[in-house]
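Just so it is clear, none of the values below were taken in a lab; they were calculated from the coordinates. Treat the numbers as computed from the prediction; the structure is a model and nothing was measured. Here the Cβ positions follow ideal geometry from the backbone for every residue, glycine too, while neighbour counts run over all protein chains shown.
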Amino acid sequence: MNKILKEFKQFIARGNVIDLAVGVIVGAAFTAIVQSLVKNLINPFIGLFIGRIDLSNLVFKVGDATFKYGSFLNAVINFLIISFVVFLLVKAVNKFTRKEKEEKPEAPTEVDYLKEIRDLLKEKEA
């Protein structure tokens, strides 16, 4: 049991797990923002065109079954907005990372150091 706890502690302490936890927390907060955006801004805008402001009330009935397709539309809108914003974030991070890699000069290799020593020795001999 002690070995399992030790392994679990090592697992939790790894950077990837902590990064994942932060991502999940930020993602949950971001989802709340997007849901508010959809409910309070986008749905009323769509409602101007279809005549209804609250899409979640859109339903149709077949017998005793009630299909809430308005709630489904809200979920689809949320998904599309979240996906688009995540796309933009990933694109920005990739652009920043690419610039950072381009600006960072390559570290000298052993061959570079040996060439420099060789050149210095030649200058000293001359």
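A few notes on this one:
- Relative exposure of Val38, Val86, judged by other C-beta atoms within 10 Å (fewest first): Val86, Val38
- The chain: C-alpha gyration tensor shape, a/c 1.5 cut-off, then a/b vs b/c: oblate
- For a label point 7 Å along the Cα-to-beta-carbon line of Phe60, residues of region 73-90 with backbone N under 20 Å: 73-77
- Build a GNM of the chain with springs between Cα atoms under 10 Å apart, and of Asp112, Asp19, Asp64 the one that fluctuates most is Asp112.
- Residue-wise HN-Hα couplings along region 72-89, as the Karplus relation 6.51 cos²θ - 1.76 cosθ + 1.60 with θ = phi - 60° gives them from phi, are 5, 4, 4, 5, 5, 4, 4, 4, 5, 5, 4, 4, 5, 5, 4, 4, 5, 5 Hz; Gly and Pro carry x.
- Relative contact order for the chain, counting Cα pairs under 8 Å that sit 6 or more residues apart, in percent: 13
- Across Lys61, Lys39, Lys91, mean-square fluctuation computed from a Gaussian network of the chain (C-alpha pairs under 10 Å connected) peaks at Lys61.
- Taking the chain as the region of interest, the number of lysine pairs whose Cα atoms are within less than 18 Å, with members eight or more places apart or on different chains, is 5.
- Among Val90, Val76, Val111, residue whose mean-square fluctuation peaks in a GNM of the chain (springs only between Cα atoms under 10 Å): Val111
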